[in-house]
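Computed from the coordinates by the stated procedures, all read-outs in this text should not be read as laboratory data. As the structure is a computational prediction, the values presented were derived from the model and not from experiment. No Cβ is skipped: glycine too gets one built from the backbone with ideal geometry, and neighbour counts run over all protein chains shown.
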Ligand code: OGA
Ligand code: NI
């Protein structure tokens, strides 16, 4: 990517601090008991650990998660071989507005270019989505994956890995449901025709790591993210207690889990999706692989009825996930004049909530 083009330069207030805080990190949770079941007591403590982590951080790491290490290593190797190729090879499967899967090196987060290149594929192939961003248009379209010629084993590595991480994602959603006091399978139905996708991220060394970011600050828009990061490190999470950026220390063979915007809405803000960003460095390239676990396109996202009460009314108006997703995908291609679509566009204002509460009280 050569010199640091001004398109990559962050505004002063968003530039990373090179001296990072490694402080008390995000919680580390051992999933062993859920996999080898039978042990009801430790399962209860696991559920409460997951709930505490979601509440306090919106992020945690898991070990003994059941995803075979060799599947992850096979994909990491194939990803490196793919990105090691010259640009003219990679752009043969370039993403565009019609084909959202494939190679891409100019994503902007909050209108600043990210110092990275990516390869995206969807977990269902094809993935069914709305044909247009307009909610009144009921037509659907299919997203098809694009696979490179080289390395030939990339496709198989991607598909096997996605299958394993999908199983883990369902388990995690069960733990999250239990932690909210709901039946374990409460969320399963939403993911039947999932729109999940996996991204292979490559962050090349950057000559100006104090000016640019691998990914600018953002929240993940979907349900849950399961991230594999290598041993280089660079992911930073905004600590809820004081707004400090905290570096997530790499743990070998762990996954980093974070709550996305959809869980924030489903849980009526019992859990919140948390801002994070990626620092780059001038010496080492870094690889990471997020799995974005997303519901079916036709899902109307709204607070679960079990989690709202008269005194705690729904804080969001329902929105259609497919329309949200295609609006986002379309807008990632360009610098926008307006802000990207965000869940707070569906947030019911505090004054409106207070109004509703008052009405409910006067009726009671
Ligand atoms: C993302 C993301 C983190 C990382 O792609 O949404 O937050 O460490 N990635 O690559
Ligand atoms: Ni993210």
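Some notes on this structure:
- Spacing of the two label points (7 Å from each Cα toward its C-beta) at residue 282 and residue 106, in nm: 2.7
- Label point distance in nm, residue 3-residue 312, each placed 7 Å from Cα along Cα→Cβ: 5.6
- For region 66-125, the Cα gyration tensor yields ellipsoid semi-axes of 23, 15, 13 Å (square root of five times each eigenvalue, largest first, whole Å).
- Looking at the chain, the DSSP beta bridges with both ends there are about 90 percent antiparallel.
- Remark on the chain: hydrodynamic radius 21.4 angstrom, per the Kirkwood mean of 1/r across alpha carbon pairs.
- Mean separation of Cα pairs under 8 Å and 6 or more residues apart, divided by the residue count, gives region 101-177 a relative contact order of 23 percent.
- Ranked list, fewest to most other Cβ atoms within 10 Å of each Cβ, for 173, 279, 98: 98, 173, 279
- Highest mean first, the peptides 198-205, 253-260, 352-359 sorted by other C-beta atoms within 10 Å per residue fall in the order 253-260, 198-205, 352-359.
- Among 269-277, 183-191, 9-17, the peptide with the highest mean count of other Cβ atoms within 10 Å heads the list, and the full ranking is 269-277, 183-191, 9-17.
- Rg(Cα)/(2.2 N^0.38 Å) for region 234-297, N = residue count: 1.31
- Tensor-based shape of region 194-270 (alpha-carbon gyration tensor, a/c under 1.5 rounded, otherwise prolate or oblate): prolate
- Using distinct alpha-carbon pairs, which all enter the 1/r mean, Kirkwood radius of region 176-230 in Å: 14.9
- A full extension of the chain between residue 63 and residue 45 corresponds to an added length of 4.9 nm, given 0.36 nm per residue minus the alpha carbon distance.
- Computed on the chain, with alpha-carbon pairs under 8 angstrom and 6+ residues apart, the relative contact order is 21 percent.
- Rounded Å value of the spacing that divides the Cα centres of region 105-131 and region 291-319: 24
- Tensor-based shape of region 269-317 (alpha-carbon gyration tensor, a/c under 1.5 rounded, otherwise prolate or oblate): prolate
- Going from the fewest other Cβ atoms within 10 Å to the most, the residues 87, 227 appear in the order 87, 227.
- By the beta-carbon count within 10 Å of each Cβ, the least crowded to most crowded order of 235, 178, fewest first, is 178, 235.
- Over region 98-244: Kirkwood hydrodynamic radius from C-alpha pairwise inverse distances, Å: 18.0
- Once the chain from residue 345 to residue 88 is taken as fully extended at 0.36 nm per residue, the excess over their C-alpha distance is 88.6 nm.
- Spacing of the two label points (7 Å from each Cα toward its C-beta) at residue 141 and residue 352, in nm: 2.9
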